[in-house]
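Here the structure comes first, spelled out in structure tokens, and everything after it is commentary.
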Amino acid sequence: MPVRVAQEWFAICGGCEVTILDVGEPLLDLLPELDFVHMPVIMDHKLYGQTGELTEMEIPEAEVGIISGGIRNEENRELAIKMRERVNTLIAMGSCACYGGVPALANQFEVDEIYQRVFKGNTTTEPGEVPRVGVPPLTDRVYALDEVVQVDIKLPGCPTTPDMFVAAVLHLLKGTPFALPEKSVCDECPTIREKKAVATLKRPLESVEGVGEALEAVRCFMEQGFLCQGPATRSGCGGLEGGVPRCIRAYMPCRGCYGPLRHDANPMVEMMGALSTIGLDAKQIPDRAAQFNRFAGAGRLRPRRARR
Ligand code: SF4
Ligand code: SF4
Ligand code: SF4
């Protein structure tokens, strides 16, 4: 019997769903083992019944639930709870579901400020009224999925990699435990580190030195003066068994999309430590709380006034 899978998306961009579609040929081997009973990106299965006949949202029963996106409104919260009740194993897919992701940058603002900015104070649109009817109210902030319901498997990344998605599904089908790597992006990075002081940070739009050369012969991007969040970011984007991280392979500094090294880690503290080892003061980085928690703001970023 195929394993029934229900998938939902909350505060997202859709990139994580593309990851599933991007699995490519291995997906053909997996599909006979899986029965997708609900997945808005590929099937027309409506939460209130196909003709809107239900008064409450309903998700079909499934063994596995996959949620992408953080919890941004009351409908997301209700659906997360319903999904948790319906499935045996719940997967948080992508850094939005795992840590709030980019949408959680909004946690630097009060909800009323967001409403004002979007509906009344936006310079590119006519001021309008805040919609209150027929749309779910926003939650007070963006929540990671595990702040609301128990999560069994986390697949971080913005988006997570198709390989990681396949590995998690294969572990589930075989009944073996799935674990994320415990290393940092730096641990998997082959560039040369000399720990020499750097005078200033460079603009991220400049190219690193050594593009096209073997990475083993290229100096660490941070030691070249680029802000690379490898020291504070969990590895895995290069492969679960190790491998050169995705951005490093493309001669780009790590932006931190796989999130913190541990659940309780503080990327800002870790990045301040890493920068100080090459003589850089993190205070020169504007908006550093948001910069270092760009993908992990749920529970880590607070409204600016409250931070003072
Ligand atoms: S983790 Fe990234 S790719 Fe996935 S939904 Fe969020 S923003 Fe999109
Ligand atoms: S800081 Fe970036 S470039 Fe340097 S070793 Fe770490 S991941 Fe590689
Ligand atoms: S190198 Fe960093 S930003 Fe790039 S995919 Fe890996 S974790 Fe994400």
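The values are calculated or read from the model by the stated rules, or taken from the named source; none is laboratory data. As the structure is a computational prediction, the values presented were derived from the model and not from experiment. As a convention, Cβ positions derive from the backbone with ideal geometry for all residues, glycine included, and neighbour counts pool all protein chains shown. In case anyone asks, the SASA skips ligands and DNA or RNA and just uses the protein heavy atoms, side chains included. Shrake-Rupley method; radii C 1.70, N 1.55, O 1.52, S 1.80 Å.
Note on CYS13: accessible area is roughly 120 Å² with a 1.4 Å probe, heavy atoms of protein only. Computed over protein heavy atoms with a 1.4 angstrom probe, the accessible surface ordering of THR200, THR124, THR191, largest first, is THR124, THR200, THR191.
For HIS45, the accessible surface of its heavy atoms amounts to roughly 60 Å² (probe 1.4 Å, protein chains only, rounded to the nearest 10). Residues GLU74, GLU209, ordered by accessible area of protein heavy atoms at a 1.4 angstrom probe radius and largest first, appear as GLU209, GLU74. Dipole size of the chain about its Cα centre, with +1 on Lys/Arg Cβ and -1 on Asp/Glu Cβ: approximately 1520 debye, rounded to the nearest 20.
Only helices enter the 222 nm calculation for the chain: every DSSP H run of n ≥ 4 contributes -39,500 (n - 2.57), and dividing by all residues gives -6000 deg cm²/dmol, rounded to 500. For the pair LEU201 and LYS283 in one chain, pulling the backbone fully straight at 0.36 nm per residue adds 28.4 nm over the alpha carbon distance. For the chain, the share of accessible area belonging to carbon and sulfur comes to 53 percent (1.4 Å probe, ligands and nucleic acids excluded).
At the listed q of 0.11, 0.13, 0.16 Å⁻¹, the Debye profile of the chain, built from one uniform point per Cα, gives log10 I(q)/I(0) equal to -0.75, -1.00, -1.31. For VAL41, VAL208, the ranking by accessible surface with the largest value first comes to VAL41, VAL208, using a 1.4 Å probe.
Cysteine residues of the chain whose Cβ has no partner cysteine Cβ closer than 4.7 Å: CYS13, CYS16, CYS96, CYS98, CYS186, CYS189, CYS220, CYS228, CYS237, CYS247, CYS254.
Computed with a 1.4 Å probe over protein heavy atoms only, the accessible area of ARG77 comes to about 70 Å². For LYS283, a cut-off of 24 angstrom between C-alpha atoms picks up these lysines, skipping any fewer than 8 places away in its own chain: LYS195, LYS196, LYS202.
Summed over the residues of the range 170-223 and divided among them, the accessible surface reaches 67 Å² per residue at a probe radius of 1.4 Å. As a calculated quantity, the FRET efficiency between ASN122 and LYS46 at R0 = 41 Å, using C-beta atoms, amounts to about 0.85. Here the gap between GLU209 and LEU27, fully extended at 0.36 nm per residue and compared with their Cα-Cα distance, gives a gain of 61.7 nm.
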